[in-house]
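Just so it is clear, none of the values below were taken in a lab; they were calculated from the coordinates. Remember, predicted model here, so these are calculated numbers, not experimental data. Using ideal geometry, Cβ is built from the backbone for each residue, glycine included, and neighbour counts are taken over all protein chains shown.
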Ligand code: MRU
C-alpha cells in the first residue's frame, strides 16, 4: 500500500543484503520510522515487543529471522537455537509456527554452506505469497460486500465494523480483513469503517485508523464498547475481523474483544465475517476455547496509555491507580457458531470442519 504516494510493504530485505527492514509499529501513528534488523535476536525482539505484529507479518518476520540466523551460524545447532528463540516470541498466532516449520523444512536437508541463500529465498517467497493470498481474500470479500451493498437499501453508505488491525500493517501487504475494504473503496462502493479502538494497545485507533486514513477510506474510531449500540441501531451492515489462529472446526481466535463483537452481531442479525490466509488455520485443533494458548502480556500495557502531547512529544501516562493489579489477556476465541462465514484465499466457506474441508481438502486430518 502507499504512504504519501510511495509503495511500501511492512518488511523487506535491506539493499545491502545484510539485514531486513521493518516499519516500527510501536511508533505509529505519530512517527513513521523504519528499523533495520541485523540479527535473529533483533528479529525476535521485534516480534515479542510488537514492533511488528499481526499473524501473517509475525510469520514473515520469523522467516526472515531464520535467514539472519543462517548468515551468522548455519550449523544444525545454529538452526535449532534460532528456531527456538523465534518460536518463544508470541504464543497465539499460529503463522509463527507455520513459517518457522516451513523454512526449517527447506533448510534441514541442505549442507550448511547452502542454508543462508536458501533461507533468504524462502523468506521472500513466504512474503510474496502473503501478498498474493491477501489480494485473493480481498477479491472474495469484495463479492460479499457487493452483495450486502446491493440488498441493504442504503446506497449512500455501507458500514463495516472491524476490530484490532488486520490491515496491511498486520500482513506483508493488503491485510486480511481490510483487503476487501480497500478493494471496495477502489471499486467505488460507499464504504465507511467503524474502527474499534482495541484496548489495551489501541491497534485500531493507532494503526487501522492510520492506514485507512492514508488510503482515503472513510472511517470513524469508536470506543471498544460502542459496537453493540451501533448494531442495535442498524448502523453496522457487516463486521469483518482477522484471526491469529482458526481451528479446523472454524473457531476463531483473534484480538481480545472480538468475541463480544461476535455476540452482539449474532444478537442483532449482523453478518460476522472472518478473513484469513490458510497458514492461520491450525488443522490439528478442534476446540478453540480449550486448545488455543492465549497470550497474557505485561500489565503496563493496561495501566499506561501512550499518546501525543500538545507540544509534540509521544509520552506514556498512567491511567490505573498505583497498586491496582491488571490482567492483560491479549486474545479471545469466538466459537464457529457465531461466525457467518470465513473468507480465505480460495473463497468463502462456512466456519465448520466441512466448510474448511470443501476449500482445503488436502489439509483435512482424518
Ligand atoms: O497482538 P497483535 O496486534 O499481533 O494482534 C493482531 C490481531 O489480533 C489481528 O487482528 C490478527 O492478527 C489478524 S491479522 C491479519
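Structure above, values below:
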| item | result |
| --- | --- |
| Residue 129 paired with residue 329, simple spin-label distance in nm, labels 7 Å along Cα-to-beta-carbon | 3.3 |
| Mean Cβ neighbour count within 10 Å, used as a protection proxy, ranking 178-189, 227-238 highest first | 178-189, 227-238 |
| Tilt relative to the chain, helix 94-107 - C-alpha long axis, 0 to 90 degrees, to 10 | 30 |
| Potential lengthening between residue 36 and residue 143 on full extension [0.36 nm per residue; Cα-Cα distance subtracted] | 34.7 nm |
| The chain, relative contact order in percent, only Cα pairs under 8 angstrom and at least six apart counted | 16 |
| Antiparallel content of DSSP bridges confined to the chain, in %, to 5 | 55 |
| Inter-site label distance for residue 322 and residue 350 at 7 Å from Cα along Cβ, in nm | 5.8 |
| Stokes-Einstein translational diffusion, the chain - Kirkwood Rh over all Cα pairs, 1.002 mPa s, 20 °C, in µm²/s | 103 |
| Gain on full stretching of the segment that runs from residue 151 to residue 220 - 0.36 nm per residue minus C-alpha separation | 22.5 nm |
| Rough spin-label spacing in nm, given labels placed 7 Å along Cα→Cβ, for residue 311 and residue 72 | 4.0 |
| Kirkwood Rh and Cα Rg combined as Rg over Rh, evaluated for region 41-160 | 1.18 |
| Contour excess over end-to-end distance, with Cα ends at residue 300 and residue 110 and 0.36 nm allotted per residue | 64.0 nm |
| Nearest-ten-degree value, helix 76-87 long axis tilted from longest Cα axis of the chain | 20 |
| Cα-based helix-to-principal-axis angle, 55-72 vs the chain, degrees rounded to 10 | 10 |
| Between region 80-145 and region 24-77, the alpha-carbon center distance in angstrom | 13 |
| Highest average packing first - 317-324, 165-172, Cβ atoms within 10 Å | 165-172, 317-324 |
